[in-house]
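Following: one structure in structure tokens, then a few remarks.
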There are 2 protein chains.
Amino acid sequence: MSFGTPQGEMPRQAPIRLLIADDEQLIRGALEALLGLEPDIEIVAGADDGVMAAELTLGLLPDVCLLDLEMPRADGIEAAEKIIAEAPEVRVIIVTRHARPGVLRRALAARISGFVPKSMPAGELADVIRDVAAGKRYIDPEIAAAALTAERCPLTERELDVLRVTRTSSSVQDIAEALFLSTGTVRNYLSAAMTKLGAANRRDAAEQAWQQGWI
Amino acid sequence: MSFGTPQGEMPRQAPIRLLIADDEQLIRGALEALLGLEPDIEIVAGADDGVMAAELTLGLLPDVCLLDLEMPRADGIEAAEKIIAEAPEVRVIIVTRHARPGVLRRALAARISGFVPKSMPAGELADVIRDVAAGKRYIDPEIAAAALTAERCPLTERELDVLRVTRTSSSVQDIAEALFLSTGTVRNYLSAAMTKLGAANRRDAAEQAWQQGWI
DNA sequence: CGAGACCTGTGACAAATGTCACGGGTGACC
DNA sequence: GGTCACCCGTGACATTTGTCACAGGTCTCG
């Protein structure tokens, strides 16, 4: 378009090399179309899941990775951890549908550079990518505020374990077997968690903990 | 681009007028970018939810509506029902993340013209839109096969009602109050549904019925 | 060392849940 | 008219779940 002619006060010589990971092909293709319109962004690869995203990233070393949070095999944060551990110069942006406060904390702990919800206007995404490529950070202000006002987790490690399994088990018996505990112990943990969270039953408690991003 | 010059054997005079509804702005914007690249497609509006989609459609009368299934206020099928009832000449395509067999049946009953999963390659979407605009139908073959092999619902109307409420209520008492029934009756319906579905508890039964698209 | 938090377990109890048998009512279909 | 499916309810029963008190173990911190 502009034959590389500098336009702004700080022109970037090479285009920003971008990798996009999203398990929904339609969405990934649409994002590629959206960002492909930007002259200073070059899409170098697309990935279907977290494992593939990490592998491609470590091979191609793009400037920026756009990772969906919900993906098979490895979620966006797991992929980000692997990427940043082995190629810390790559900047990672997490995109998510349901932004839970605790997830942002997990993402920040993984040292990601950007965190945006899918509710963000499409026109702003390219600017976020440019900021991140330039070494800045971008955290969605709504989610950041929610994460700051959210109280920290009152549950113990074991209570969290039990709630985690609760989400996929139907009976206390199942939970106990999965964790190699007696049913009585499981019920004690569940009762404690329910009391702390003010939940009426274990499923509500597990749902609350999930919403908060604690599990 | 082509100044209206016929290019194919059956050139369409005017571009296809398209409305896109998706509650996630980023996705909607990306789809607009993707489809905006097609010279024969003109995006006339975007909507954030099902109610807004129906209102805009009835006002603008686009050729084709692309509706996300999961939306606030009214889901894609509810919006499609309203649109097709009042403006049957508008073609509707439903796009969905989790394609459950029963949902396809509901969508077909609403007389939609297209049904595509978000796992579809982005490049094919424009072709589907063209086919649909030309009066054809496009149903994703995977989902169609699943819908044909899926057995039909063994549950009675009332059992389905109870399972529907079960998904959002925590106790039998709540379900009974929501449906103006006695708790005993609710437990009987639940027991019957659980037996028919081979579920261990009411939540599993509700989950199964949901997965099948029966509720 | 003592206090306190956490992990794990038991036993007892009340409430919620699921199962079963049974009753009466309606409406459709043969 | 009889049969059948469905709707709605009751009552009795076993199981599951949630609550509570308590107890022994580890580990950390002052």
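Taking each residue in B:30-40, count the Cβ atoms of any other chain within 10 Å of its Cβ, then average. What number comes out? Each step should come with its number before you reach the end.
Details: counts 13, 8, 4, 10, 10, 2, 3, 3, 0, 0, 0.
Per-residue shielding by partner chains comes out at 5.
A drop of at least 50 square angstrom in accessible area, chain alone versus all protein chains together, probe 1.4 Å. Which residues of the range B:75-117 meet that?
B:97
Apply 1/(1 + (r/R0)^6) to the Cβ-Cβ distance of residue A:85 and residue A:178, taking R0 = 22 Å, and write down the FRET efficiency to the nearest 0.05.
On the way: r = 29 Å, r/R0 = 1.33.
Using R0 = 22 Å, I get an efficiency of 0.15.
Other chains' Cβ within 10 Å of B:19-28 residues: what's the mean? Walk me through the numbers on the way to the answer.
Numbers: counts 0, 0, 0, 2, 2, 8, 8, 16, 12, 4.
Taking the mean over all residues of the peptide, I get 5.
Using r as the Cβ-Cβ distance of residue B:211 and residue B:44, and R0 as 35 Å, what FRET efficiency do you calculate, to the nearest 0.05? Could the numbers behind the result be given before it?
On the way: r = 36 Å, r/R0 = 1.02.
Result of the calculation: an efficiency of 0.45.
What percent does the relative contact order of chain A come to when contacts are Cα pairs within less than 8 Å and at least six residues apart? Let's see the in-between values first.
On the way: 315 pairs, mean separation 30.5, N = 215.
So the answer I get is 14 percent.
Principal axis extents for chain A, Cα atoms only, whole Å, descending order, please.
That gives 71, 33, 30 Å along the principal axes, largest extent first.
Distance from the Cα centre of the range B:141-215 to that of the range A:152-186, in angstrom?
So the separation of the two Cα centres works out to 26 Å.
What is the calculated FRET efficiency for residue A:58 to residue A:170, with r their C-beta to C-beta distance and R₀ = 30 Å, to the nearest 0.05? Before the final figure, lay out the partial values.
Working: r = 40 Å, r/R0 = 1.33.
Efficiency computed from Cβ-Cβ geometry: 0.15.
Treating cross-link reach as a plain straight distance, find the lysines whose alpha-carbon is under 26 Å from the alpha-carbon of residue A:118, omitting any fewer than eight places away in the same chain.
Here the lysines satisfying the reach criterion relative to residue A:118 are A:82, A:136, B:118.
Excluding ligands, DNA and RNA, what is the solvent-accessible area per residue of the range A:157-212 at a probe of 1.4 Å, expressed in Å²? Present the calculation step by step, with values, prior to reporting the outcome.
On the way: 2970 Å² over 56 residues.
Result: 53 Å² of accessible area for each residue.
If a paramagnetic tag sat 7 Å from the Cα of residue A:105 along the Cα-Cβ line, which residues of the range A:161-182 would have the backbone N under 20 Å from that point?
Backbone N within reach: A:161-167.
Take the solvent-accessible surface of the protein heavy atoms, probe 1.4 Å, and return the percent of it on the range B:121-215 that carbon and sulfur atoms account for. All intermediate terms of the calculation are to be shown ahead of the outcome.
On the way: 2610 of 5120 Å².
Carbon and sulfur: 51 percent of the exposed surface of the range B:121-215.
For the range A:126-185, what are Rg and Dmax over the alpha carbons, in angstrom?
19.6, 55
Using only protein heavy atoms and a 1.4 angstrom probe, determine the accessible area buried between A and B, summed over both sides, in Å² to the nearest 100.
Rounded to the nearest hundred, the buried surface is 2200 Å².
The values are calculated or read from the model by the stated rules, or taken from the named source; none is laboratory data. On a predicted model such as this, the values are computed, not experimentally measured, just so you know. Cβ sites come from the backbone with ideal geometry, for glycine too, and all protein chains shown count toward neighbours. Side chains are part of the model used for accessible areas, which takes the heavy atoms of the whole protein and leaves out ligands, DNA and RNA. Shrake-Rupley method; radii C 1.70, N 1.55, O 1.52, S 1.80 Å.
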